[in-house]
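The values are calculated or read from the model by the stated rules, or taken from the named source; none is laboratory data. The model shown is predicted, which means the values in this text are computed figures rather than measured ones. No Cβ is skipped: glycine too gets one built from the backbone with ideal geometry, and neighbour counts run over all protein chains shown.
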Amino acid sequence: MPKTFFTLIIFFLLSSPPSSFAQFGKWFGPGELSKAHEKLNGVSDCTNCHSSGVPHDKCLVCHTEIKDKLDHNKGFHAKFKTSKCGSCHVEHKGKEHNIVGLNVATFNHANTDWPLTGAHLKVKCDSCHKEKRVDAITKKPTKTITYLDASPACTSCHKDVHQTKYGIECRGCHDTTAWKAPVPTTSAP
Ligand code: HEC
Ligand code: HEC
Ligand code: HEC
Ligand code: HEC
Ligand code: HEC
Ligand code: HEC
């Protein structure tokens with residue numbers, strides 16, 4: 001118990017000091033974590049995410065799937081590199097709170113490395129995103145969907161009716177509007 005208390009005090013000094021009694025109280029009951037992080041609700045688990053504030057590096061120790069994207073400057077998260085993780089993934093709002101915070105109705109796909117065009121604009125998210133997440137700690141598949149691993153290659157989702165006769169680069173002749181109207185690649189003779 002004294003050790004726990006000591007940890008809390010150190011933790012509290014490292015972080016932004018409370019400016020009021022009410023805020024002081026928050027340190028001892030900041031609110032339950034989301035279901036995803038339920039294993040981190042213990043008093044000794046705070047420093048998994050907190051040091052001075054909630055720095056990226058803390059989250060990225062476990063979330064190597066995101067670290068990988070940031071390191072290679074790829075994907076959605078790389079476009080928001082300078083924003084705090086906690087500004088989009090709000091914590092301490094209870095078990096039922098959706099920590100991902102994705103709104104499929106308003107999500108702007110132009111913020112990914114593959115803007116949707118043509119017929120793709122009318123396709124449902126889950127027709128393209130079917131992969132399952134790999135657990136951040138155990139690295140085993142979960143039941144949750146992931147948006148991280150979709151392959152942008154046309155042939156990963158579409159059958160090559162020409163049976164590789166024309167190569168794998170479909171875009172030389174087609175766009176995403178309709179298959180039946182191939183776009184000419186070479187100018188007319
Ligand atoms: C026609 C197929 C298709 C549809 C429909 C689609 N996506 Fe994607 N999406 C992709 C592909 C392919 C990528 C991978 C781009 C890359 O990283 O090269 C991607 C990337 C993403 C990413 C970025 C992942 C990352 O971390 O970089 C998010 C988030 C995402 N899609 C969300 C959505 C949501 C939400 C919807 C529905 C509103 C949706 N997508 C609809 C094909 C699709
Ligand atoms: C601008 C808002 C925003 C910021 C900042 C942000 N995220 Fe996300 N994050 C999202 C959205 C939206 C999704 C859902 C789409 C996706 O998976 O890419 C997401 C998805 C995720 C996922 C699940 C990915 C999957 O699809 O499997 C993890 C893990 C994650 N974020 C961690 C982080 C970490 C760690 C940071 C800080 C380094 C961070 N995020 C910063 C908005 C954000
Ligand atoms: C899974 C990660 C995680 C764990 C574990 C965690 N927190 Fe947090 N906490 C956050 C995030 C994210 C925020 C939002 C603040 C931000 O992003 O700047 C936050 C905010 C807070 C705040 C509000 C003040 C501030 O710094 O913004 C307090 C107080 C707090 N946490 C205390 C705790 C305590 C005490 C524990 C341990 C019992 C704990 N937290 C465990 C992620 C976590
Ligand atoms: C001690 C390891 C650990 C730390 C530190 C950690 N997480 Fe997680 N996180 C997990 C685990 C485990 C899950 C649930 C399994 C999964 O989806 O990977 C998870 C799930 C998530 C999800 C939901 C993914 C989904 O699609 O359901 C998001 C978003 C997320 N974490 C963001 C963060 C952010 C932001 C931080 C830092 C404030 C953080 N995590 C710190 C281990 C961690
Ligand atoms: C991540 C999966 C995914 C990728 C990658 C992808 N598509 Fe699609 N595309 C779909 C889905 C799902 C549909 C809607 C169902 C269908 O028509 O097959 C669709 C529909 C289409 C259509 C409309 C078909 C019709 O008859 O209405 C065209 C054309 C098309 N895609 C072209 C392309 C081209 C060209 C590429 C490569 C640049 C590509 N797609 C990459 C998933 C994908
Ligand atoms: C050299 C140009 C060229 C390339 C490259 C090419 N196509 Fe085509 N594609 C055509 C032409 C021409 C037609 C229309 C005549 C036909 O059906 O053969 C067509 C038709 C199609 C159709 C419609 C078939 C039908 O019966 O409605 C699909 C689907 C298609 N292509 C998919 C692909 C995919 C997937 C790729 C990439 C692996 C690809 N094509 C690459 C020229 C091309």
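Quick look at the values:
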read-out	value
Only one of His120, His97, His72 that is closer than 30 Å to Arg171 by Cα and either within 16 Å of ligand 6 (Cβ to nearest atom) or touching a residue at least 24 places away in the same chain (Cβ under 8 Å) (or both)	His120
Filter result (free of Cβ contacts under 8 Å to residues at least 60 places away in the same chain, surrounded by 11 or more Cβ atoms within 10 Å (Cβ to Cβ) and not in a loop (DSSP other than H, G, I, E, B)) within segment 134-165	Pro141, Thr142, Thr144, Ile145, Cys154, Thr155, Cys157
Segment 33-65 - residue that is within 16 Å of ligand 1 (Cβ to nearest atom), out of contact with any Gly (no Cβ under 9 Å at 6 or more places or on another chain) and assigned to a helix (DSSP H, G or I) and, of those, nearest to Asp113 (Cα to Cα)	Glu65
So Phe80, is it among the hydrophobic types (A, V, I, L, M, F, W, C) and in a helix (DSSP H, G or I)	no
Residue match in segment 9-20 (condition: modelled with pLDDT under 95 and either of a type in the set (D, E, K, R) or closer than 24 Å to Lys139 by Cα (or both))	no
Out of Thr117, Thr138, Thr82, sole residue that is in the same structural domain as His56 (by TED's automatic domain parsing) and out of contact with any strand residue (DSSP E or B) (no Cβ under 8 Å at 6 or more places or on another chain)	Thr82
